[in-house]
Amino acid sequence: IRDSILAIGLLLFISCQENSTPIDSNNNNNSPNPGHLRLYLTDAPASVYDSVKITFSGVSAHLDSSWIILSDSLMTVDLLELTNGNTVVIGSSDVPAGLYTQIRLKIVDAYVVVEGNKHPMDVPSGSTSGLKFGPEFTINEGATYEMVVDFDINRSIVTTGPPMNPKKYKLKPHIRISPMAITGSISGIVSNPQHLPVAYALQNNDTITSSLPDSTNGYFMLCFLPAGLYDVSIRDTLDQIYEQTGITVQEGTNTDLGIITL
């Protein structure tokens, strides 16, 4: 399985310079016919960490020359709790209708726990200019627009030093963002989950997302997949493998693969 992630037409970039445009501090409800924007956070699993905690200090969306604030409260989340379709709302607000070009996340603290030991993570520009990413999207008057931000922790944490004894951790997010309304999911139950299997959703041999089947009942869900055809591959630590190709995902539906034995 290749370690690259398909962008699905969505551009991710992190700005290292502070945007000179001032943040819009006006009340978002002043628009005569506002829409509503709600941003969810989820995570692809990472088996090498006990926890990955990030504290957000602000979430905003860019419209014209202004940043529209969705949340300016401190919020700490453990990304490893947001797998198999679990999400948390990190920003939600009435906003002016219009064409939005970026989402921005400000991070003031981040750390990982490995084998019970806490390690701080460096977040370049996280608390100043923030992490900025696309794609563009339009919010219509009176409509609610929901988006899902999917962190890929395995690719988002960079270490320095020996692989078995890292000296420093840095957060360089790999993010997939999708409108919730146009996504579906694939689920199943691994009947023999004792050896830590990982399930992958693939397109053109590229990993779109992954999931850790529950260690007790084997259930997994590959979530927030844009409609299309996918291959599913499941592999455990004994190299036992399950593969199925050409699985159709439709908007707003779940495709159940049933019981799977590796």
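Counting only strands (runs of 3 or more DSSP E) wholly contained in segment 116-195, the ones carrying 2 or more residues that are polar (S, T, N, Q) occupy 157-160, 183-190.
Filtering segment 240-255 to residues that are charged (D, E, K, R) and either modelled with pLDDT of 95 or more or assigned to a strand (DSSP E or B) (or both) leaves only Glu243.
For Leu105, the requirement of being crowded, with 18+ Cβ neighbours inside 10 Å and either among the hydrophobic types (A, V, I, L, M, F, W, C) or not in a strand (DSSP E or B) (or both) is met.
For segment 45-57, indicate whether the set of residues that are more than 17 Å from Ser178 (Cβ to Cβ), among the charged types (D, E, K, R) and assigned to a strand (DSSP E or B) is non-empty. Taking every residue of segment 45-57 in turn, at least one turns out to be more than 17 Å from Ser178 (Cβ to Cβ), among the charged types (D, E, K, R) and assigned to a strand (DSSP E or B).
Scan segment 211-230 for residues that are touching a residue at least 60 places away in the same chain (Cβ under 8 Å) and over 19 Å from the mean Cα position of the chain (by Cα) and the total you get is 2. Within segment 52-77, if we keep just the residues that are open to solvent by less than 20 Å² (accessible area, probe 1.4 Å) and touching a Lys or Arg at 6+ places or on another chain (Cβ under 9 Å), the residue that is farthest from Thr138 (Cα to Cα) turns out to be Val77. Filtering segment 208-220 to residues that are open to solvent by 10 Å² or more (accessible area, probe 1.4 Å) and over 17 Å from Asp152 (Cα atoms) leaves Asp214, Ser215, Thr216, Asn217, Tyr219.
For segment 58-96, a residue qualifies if it is assigned to a loop (DSSP other than H, G, I, E, B), farther than 18 Å from Val108 by Cα and not aliphatic (A, V, I, L, M), and the qualifying residues are Asp64, Ser65, Thr83, Asn84, Gly85, Asn86, Thr87, Pro96.
Please determine whether any residue of segment 201-208 is small (Gly, Ala, Ser), in contact (Cβ under 8 Å) with a residue 12 or more places away in the chain, closer than 21 Å to Met147 by Cα and assigned to a strand (DSSP E or B). For segment 201-208, residues small (Gly, Ala, Ser), in contact (Cβ under 8 Å) with a residue 12 or more places away in the chain, closer than 21 Å to Met147 by Cα and assigned to a strand (DSSP E or B): present.
Listed here are the residues, each with its yes/no results for (1) out of contact with any strand residue (DSSP E or B) (no Cβ under 8 Å at 6 or more places or on another chain); (2) open to solvent by 70 Å² or more (accessible area, probe 1.4 Å).
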| position | (1), (2) |
| --- | --- |
| Ile153 | no, no |
| Ile182 | no, yes |
| Val190 | no, no |
| Leu202 | no, no |
| Asp206 | no, no |
| Leu222 | no, no |
| Arg235 | no, yes |
| Asp239 | yes, yes |
| Glu251 | no, yes |
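If the condition is being of a type in the set (Val, Ile, Thr) and modelled with pLDDT under 90, then segment 55-85 contributes only Thr83.
The values are calculated or read from the model by the stated rules, or taken from the named source; none is laboratory data. If you're wondering where the values come from, they're calculated on a predicted model, not measured in any experiment. Glycine gets a Cβ as well: all are built from the backbone with ideal geometry, and neighbour counts include every protein chain shown. Each accessible area value is taken on the protein alone, full model and side chains, heavy atoms only, with ligands, DNA and RNA left out. Shrake-Rupley method; radii C 1.70, N 1.55, O 1.52, S 1.80 Å.
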